[in-house]
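Below you'll find the structure, written out as structure tokens, and then a few comments.
Readers should treat all values here as calculations from the given coordinates under stated rules, not as data from a laboratory. Because the structure is a prediction, the values reported are computed rather than measured. Every residue, glycine among them, receives a Cβ derived from its backbone with ideal geometry; neighbour counts consider all protein chains shown.
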Amino acid sequence: MPENWQEAGFGLYLHWPFCAAKCPYCDFNSHVSSSIDQDAWQAAYLSEIDRYAALTPGRVLDSVYFGGGTPSLMRPDVVSALLDRVASHWTLANDVEITLEANPTSIEAANFAGYRAGGVNRVSIGVQALNDEDLRRLGRMHSMEEAKQALILAKTTFERVNFDLIYARQDQSLDAWRAELTQALAMEPDHLSLYQLTIEPGTAFGDRFAAGGLHGLPGDDLSVDQFFLTQELCEKAGLPAYEVSNHAKPGQESRHNLVYWRGGDWIGIGPGAHGRLTLGGSRIGTETELNPLKWLANPAQNIRETLALDEQATEYLLMGLRLQEGIDLLRLRTRYGVTLKDSKIKDLLELSLIEIEGDILKTSREGRPVLNAILRELVPD
Amino acid sequence: MTDLKHIRNFSIVAHIDHGKSTLADRLIQETGTVKERDMQAQLLDSMDIERERGITIKANTVRIDYTADNGEAYVLNLIDTPGHVDFAYEVSRSMRAVEGSLLVVDSTQGVEAQTLANVYQAIDADHEIVPVLNKIDLPASDCDRVAEQIEDVIGIDATGAIQVSAKTGQGIHETLEAIVNELPAPQGDPDAPLKAMLVDSWYDAYLGVIVLIRVIDGKLKKGERIRMMHTDAVYPVDRIGVFRPQMEMIDELGPGEIGFLTASIKQVRDTRVGDTVTHEKKGTTDALPGFKPAQPVVFCGLFPVDNAEFEDLRDSIEKLALNDASFSSEMETSAALGFGFRCGFLGLLHLEVIRDRIEREYNIELITTAPSVIYHVYMKDGEKIELHNPADMPDLSKVDHLEEPRIKATILVPDEYLGDVLKLCQDRRGIQIDLTYAGSRAMVVYDLPLNEVVFDFYDRLKSVTKGYASFDYQMEGYREDNLVKMSILVNDEPVDALSTMVHRDRAEMRGRAMVEKLKDLIPRHMFKIPIQAAIGGKVIARETLSAMRKDVTAKCYGGDATRKKKLLEKQKAGKKKMRQFGKVDIPQEAFISALKMDS
């Protein structure tokens, strides 16, 4: 049997934990710091790249992803040095995807050319909203005009460009979202990540919500209507959904994220980064120290656990069913030794929430917005 | 044996948090009954549940030696009594075992409902009552106002009320003097045949059943053979002793004294509160008046959440029953809930206490089904059935008529809440028997069906009167009424554990309330779920729980896999805890919450 990385890809994730400001909805591991010793960070990343390279000799690397935080706050020469080291260790796939997440402020856009020169070929820009009032409410540091300029610049600089929007926001009607998404599609991105606003505990929004604030959030009915509208408009514009929140022109899907969803192998480097690696026949989950300075002091110290087959199966279902292409029941049986309950499948088929073709099981249009409930049924106890 | 003149027996009447336990602790401490280093707060409340809920379930007692200012040595016996309507009978027995009460009122708060209920018990028992105003160290203390309120509301003289701070110790000495000087000494004849009241009893792992008694006449010595007059059982007395509050063995108890005996009694069930203890030979022939055998009036099903714990549940119920004569149980099977027990209780608090003890002391998670009373079902063939569980209701075509238990309820309430109380009683099919005033307080007496009271009547009463009503009841026999069994169907499947008996005229209203409640209690599923109430085959109320429309995680990338996997596992575990009816998961709390009526 081929290994996971051969079957579903092999990626490298680098986490840059710093932001210029913390957004009120964000529950990622991001920190605001006035002094960052980028040389020290570079050295730590390099040592980790070396360490992982020694564990995974002979592999072909499909993707490198700089996530955060706000990696567009990294100096271009740091990015370049890291990518040089990566290329010295692994064979890069012919179509290797090298993505960097960026915020569209003018200062950060000024680095685009430097990133391109260092090897970055795809940017993912956190636009989030297309009007200044909502950008302010979301705590973003850029204006609508800056976002437009950054997108124009990104398109001329990089081969591929994604941008993110957050919808189902406070006081956002179905028509308002229709207008905004139409405007977004008119900018002709090749990839769009469209996330419904989620109130996470431990964020500023979470606190406000718990205290009875944050009014005007859509109820389930409106947010589902917005979800379906999103599917419809993107499909018409030639960017069908390939995942719950991700839309792309055919062939422009994020290869890096597909590694996660298809159950491939990835290395996670940086504070709080997670990884999944098949080593010596076992699937290893890795997890690092969350606190940036603690991580920096000792980057190689991380938690490693071997994932049992049933845990691997759960992850495969949890991640794989997010994809429009669905999961492979044959892989579930042969690789993880798991067979789903016929009665559960029958119930879900009767409710038209899933579809089965041969060994492929996927969610239906109606099933997608209730994926968590489907998982609660399907994932074995 | 102590000379009668030098004995004082008393109880303390107080509302929760008014400082009863702290005052008791202080009295014990001031007299040196417990050494400083052995002091722990709330010496008398021994069970966790008692401490947490601020209630006393078992009667506790302590014997205090006190040399008064007059130079004479006294024995003071304090009985700490239960304070809830479920244990009204036990309270009345404890009250009969003493001659006086300290009425403790928080001088920052004033008289409250529970104070009233218990003080009337004390008045009923002809107690001398000494008012004590507690918490005078607090800035909000207002002794004049509270003393006036005691006179107005309770109708006893509070001019001599003792001002106390149980916290600082101020007034404790005066309280001890008042006990000696104002409370009467007990009366009794040491030469008459033995007559003692069984006040309470409980199980001790080392000594077997411990029986708390108050000697009225005669003397009881170690080694003598005693007879329980109601159960007619005979036992040799192994030990006699008193509580200080730890056990201290003595040789003899005489008239007026309060103490305990052990006599190789294996089960608490063999000892009945209120029974008369006498000698096997040459005993008294006059039993003490007022004895009532404990009779469960409320029944419900207790099922383990995890069916594998059924045997553990059986074990825990057997153990608890050994220690509680008023608690009954028999095995029950439910299509929905599996194997469990149908249990009988004195009332709802008793039910909750037993349930809590099983869950905590035996670590078994329980599903509790709707409480019910015992109906008498008269069949057309002349047979009479006692129906403990609505699920067992026979086919209506074979039933001639049904009778339900009624109670006489007495409610004392400040008159500003009278209207709400009358409405509540009317809503619960009550028939007004009497309405009188005492100052600004009204006393209403209602004839009510017990099934309208057992569930949430007391909660509703407290809520509509802001806690200012006191409530007591006694059983009044059975009466025929137009009663029917109402079934609940979820997704077209009957849920036996939700069946209830209701009056025909109120069935629609109750049915509507229940299906509306269930609609809120059952989580949305991936399909729509009809929820119906029905009598026989006829649907009388219906709601539809619409299908879940949205439950999806917006972002899930490599770093989220672990967290989302754990979340999914947690959700699955939560789902597993629910009960499955066909394809519908019903949360455990729904079985009780569905029955609570908001108005």
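Using unit Cβ charges (K, R positive; D, E negative) and no other charged atoms, how large, in debye to the nearest 20, is the dipole of the range B:272-362 about its Cα centre?
Values: 10 positive and 16 negative charges, 105 e Å.
My answer is approximately 500 debye.
Run through the DSSP bridge list for the range A:4-259 and note the antiparallel percent, rounded to the nearest 5. Numbers along the way, then the final one.
Numbers: 4 of 34 bridges.
Percentage antiparallel, nearest 5: 10.
For B:ASP275, which sequence-distant residues (separation of 5 or more, or a different chain) have an amide H within less than 5 Å of its own amide H, given hydrogens modelled in the peptide plane?
Amide H to amide H, under 5 Å and 5 or more residues apart or across chains, B:ASP275 pairs with B:LEU198.
Based on alpha-carbon positions alone, could you give the equivalent ellipsoid semi-axes of the protein assembly as shown from the gyration tensor, as √(5λ), descending, whole Å?
Details: eigenvalues 1004, 234, 156 Å².
Over the Cα atoms of the protein assembly as shown, the semi-axes work out to 71, 34, 28 Å.
Which of rounded, prolate, oblate describes the range B:362-424, given a ≥ b ≥ c as roots of the alpha-carbon gyration tensor eigenvalues and a/c under 1.5 marking rounded, otherwise prolate only if a/b is larger than b/c? Numbers along the way, then the final one.
Working: a/c = 3.35, a/b = 1.45, b/c = 2.32.
Oblate shape, in that a/c is at least 1.5 and b/c is the bigger or equal ratio.
In debye to the nearest 20, how big a dipole does chain B give about its Cα centre with +1 on each Lys and Arg Cβ and -1 on each Asp and Glu Cβ? All intermediate terms of the calculation are to be shown ahead of the outcome.
Details: 75 positive and 97 negative charges, 588 e Å.
The calculated dipole for chain B is roughly 2820 debye.
Can you list the cysteines of chain A that have no other Cys Cβ under 4.7 Å away?
Singleton cysteines: A:CYS19, A:CYS234.
Hey, with R₀ at 30 Å, roughly what FRET efficiency would A:LEU330 and A:SER352 work out to, going by the Cβ-Cβ distance, to 0.05? Intermediate results must be reported in sequence, preceding the final value.
On the way: r = 23 Å, r/R0 = 0.78.
Calculated value: 0.80.
Among B:CYS343, B:PHE581, B:VAL75, flag the residue with its Cα farthest along the positive direction of the charge dipole of the protein assembly as shown, charges on Cβ as +1 for Lys/Arg and -1 for Asp/Glu.
Sorting the options by dipole projection puts first B:PHE581.
Would you mind checking the radius of gyration and Dmax of the range A:97-139 based on alpha-carbon positions, in Å?
Rg and Dmax of the range A:97-139, Cα atoms, are 12.3, 35 Å.
Can you give the charge dipole size of the range A:311-381 about its Cα centre, rounded to the nearest 20 debye, using +1 on the beta carbon of Lys and Arg and -1 on the beta carbon of Asp and Glu? Please report the intermediate quantities before stating the final value.
Values: 11 positive and 13 negative charges, 20 e Å.
Its charge dipole is roughly 100 debye.
Explain nothing, just the number: relative contact order of the range A:298-381, from Cα pairs under 8 Å at least 6 residues apart, as a whole percent. Could you put the intermediate results ahead of the total?
On the way: 81 pairs, mean separation 25.5, N = 84.
Averaging sequence separation for qualifying contacts and normalising by length gives 30 percent for the range A:298-381.
I need the shape label for the range B:351-498. Rule: rounded when a/c is under 1.5, else prolate if a/b > b/c, else oblate, with a, b, c from the alpha carbon gyration tensor.
Details: a/c = 2.26, a/b = 1.37, b/c = 1.65.
Oblate.
In whole Hz and in residue order, list the ³J(HN,Hα) couplings for the range B:258-271 that follow from phi through the Karplus curve 6.51 cos²θ - 1.76 cosθ + 1.60, θ = phi - 60°; x for Gly and Pro.
Going residue by residue, I get 10, x, 10, 9, 10, 8, 6, 8, 7, 10, 4, 4, 7, 10 Hz, with x marking Gly and Pro.
What is the Cα radius of gyration of the range A:4-259 over 2.2 N^0.38 Å, N being its residue count? Display every interim value, and only then the final one.
On the way: Rg = 18.7 Å, N = 256, 2.2 N^0.38 = 18.1 Å.
With N residues counted in the range A:4-259, Rg over 2.2 N^0.38 Å equals 1.03.
Can you tell me which of B:548-559, B:69-80 comes out highest on packing, and rank the rest after it, using the mean Cβ neighbours within 10 Å? Intermediate results must be reported in sequence, preceding the final value.
Details: B:548-559: 19.8, B:69-80: 17.1.
Order by mean packing, descending: B:548-559, B:69-80.
Over chain A, what is the relative contact order in percent, taking alpha-carbon pairs closer than 8 angstrom and at least six residues apart? Intermediate values should be presented prior to the final figure.
Details: 678 pairs, mean separation 61.1, N = 381.
Computed value for chain A: 16 percent relative contact order.
Could you work out the relative contact order of chain B? I mean the mean sequence separation of Cα pairs under 8 Å and 6+ apart, divided by the number of residues, in percent.
Numbers: 1293 pairs, mean separation 58.0, N = 599.
Normalised by residue count, the contact order of chain B is 10 percent.
For the range B:111-159 and the range A:274-320, write down the distance between their C-alpha centroids in whole Å.
67
Averaged across orientations, what area in nm² does the convex hull of the alpha carbons in the range A:8-94 project? All intermediate terms of the calculation are to be shown ahead of the outcome.
Working: hull surface 26.7 nm².
Dividing the Cα hull surface by four gives the mean projection, 6.7 nm².
Using alpha carbon coordinates only, what is the Rg to Rh ratio of chain B, with Rh defined as the Kirkwood radius? Each step should come with its number before you reach the end.
On the way: Rg = 26.9 Å, Rh = 26.6 Å.
Radius of gyration over Kirkwood radius for chain B works out to 1.01.
Counting Lys and Arg as +1 and Asp and Glu as -1, what is the net charge of the other residues whose Cβ lies under 15 Å from the Cβ of A:LYS294?
On the way: positive: none; negative: A:ASP37, A:GLU48, A:GLU287, A:GLU289.
Taking every Cβ under 15 Å from that of A:LYS294, the sum is -4.
Checking a compactness column here: for the range A:311-381, what do you get for Rg(Cα) / (2.2 N^0.38 Å), N being the number of residues? Walk me through the numbers on the way to the answer.
Numbers: Rg = 10.8 Å, N = 71, 2.2 N^0.38 = 11.1 Å.
The range A:311-381 yields a ratio of 0.97.
Taking each residue in B:560-571, count the Cβ atoms of any other chain within 10 Å of its Cβ, then average. What number comes out?
Numbers: counts 5, 12, 9, 2, 6, 10, 0, 2, 8, 4, 0, 5.
Mean shielding count: 5.
Among A:ILE49, B:ALA263, A:LEU181, flag the residue with its Cα farthest along the positive direction of the charge dipole of the protein assembly as shown, charges on Cβ as +1 for Lys/Arg and -1 for Asp/Glu.
Final value for the positive-end residue is A:ILE49.
What percent antiparallel are the DSSP beta bridges of the protein assembly as shown, to the nearest 5? Before the final figure, lay out each step's value.
Values: 134 of 188 bridges.
Around 70 percent of the beta bridges assigned by DSSP in the protein assembly as shown are antiparallel ones.
Net charge near A:GLU357: determine it from the other residues with C-beta under 14 Å of the C-beta of A:GLU357, scoring Lys and Arg +1 and Asp and Glu -1. Write down the numbers at each step before the final one.
On the way: positive: A:LYS362; negative: A:GLU325, A:ASP328, A:GLU355, A:ASP359.
Net charge in that neighbourhood comes out at -3.
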